[in-house]
1. Which one of these is touching a strand residue (DSSP E or B) at 6+ places or on another chain (Cβ under 8 Å), within 24 Å of residue 67 (Cα to Cα) and at pLDDT below 95: 174, 105, 111?
2. What tally of residues in region 127-174 results from selecting those that are exposed (fewer than 14 other Cβ atoms within 10 Å of the Cβ) and at positive phi?
3. Just need a number here: residues in region 108-135 that are outside any helix (DSSP H, G or I) and in contact (Cβ under 8 Å) with a residue 24 or more places away in the chain.
4. Could you pull out every one of the helices (runs of 4 or more DSSP H) wholly within region 1-79 that has 2 or more residues that are more than 20 Å from residue 141 (Cα to Cα), touching a residue at least 12 places away in the same chain (Cβ under 8 Å) and in contact with a helix residue (DSSP H, G or I) (Cβ under 8 Å, 6 or more places away or on another chain)?
5. As an exercise: evaluate residue 105 against (1) more than 24 Å from residue 29 (Cβ to Cβ); (2) assigned to a helix (DSSP H, G or I) and give the number of the one condition it does not meet.
6. Could you please tell me which pairs satisfy a Cβ distance under 6 Å, a separation of 6+ or placement on different chains, a first residue in region 150-169 that is under 16 Å from residue 129 (Cα atoms), and a second residue that is at pLDDT below 95 and part of a loop (DSSP other than H, G, I, E, B)?
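The values are calculated or read from the model by the stated rules, or taken from the named source; none is laboratory data. All values derive from a computational prediction rather than experimental measurement. Here Cβ is always computed from backbone atoms with ideal geometry, including for glycine, and neighbour counts include all displayed protein chains.
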């Protein structure tokens, strides 16, 4: 009697042989090693820093290695309010990141300007760079940021393109 495909797959796995597509393997590798760029601008940055502590242990998701160089990071977490003076710097850092790259907007200030409704603060970081995941709160808790990172990992695993690629496919400017 022949083996079912599930039994056959289990038998191959026991032998140390796994079969998959290159695309699935690449998506798994990308979602399992998302490295954030260090970009804290205000009080949200304290919560962002605490997510790497032993209490929250972001390391179990492969994202604990905050990179000081944008050329080594594939995730920008914008944590805090973005001023008009900081916007060009933020854009330059985002442009220096290798592709594919993702952005998380952390907190009310980064997402919508928060309580700072004035000429000096950008009313949403999505006016500067395309945002993939929004994490609400003032400031958001470390658990909320972890949830945002897990949502981003789900998007990567499903093969959804980063927001800047979606915009480019629609013919808009990023």
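1. Details: 174 fails: touching a strand residue (DSSP E or B) at 6+ places or on another chain (Cβ under 8 Å); 105 fails: at pLDDT below 95.
Answer to the selection: 111.
2. The number of residues fulfilling the criteria is 2.
3. Of region 108-135, the ones outside any helix (DSSP H, G or I) are 113-124, 128-135.
Filter again for in contact (Cβ under 8 Å) with a residue 24 or more places away in the chain, leaving 113-114, 116, 119-122, 128-135.
Total meeting the criteria: 15.
4. Details: elements: 5-14, 22-31, 44-50.
Output list reads 22-31.
5. Of everything listed in (1) more than 24 Å from residue 29 (Cβ to Cβ); (2) assigned to a helix (DSSP H, G or I), residue 105 misses just condition (2).
6. 162/100; 164/174; 167/174
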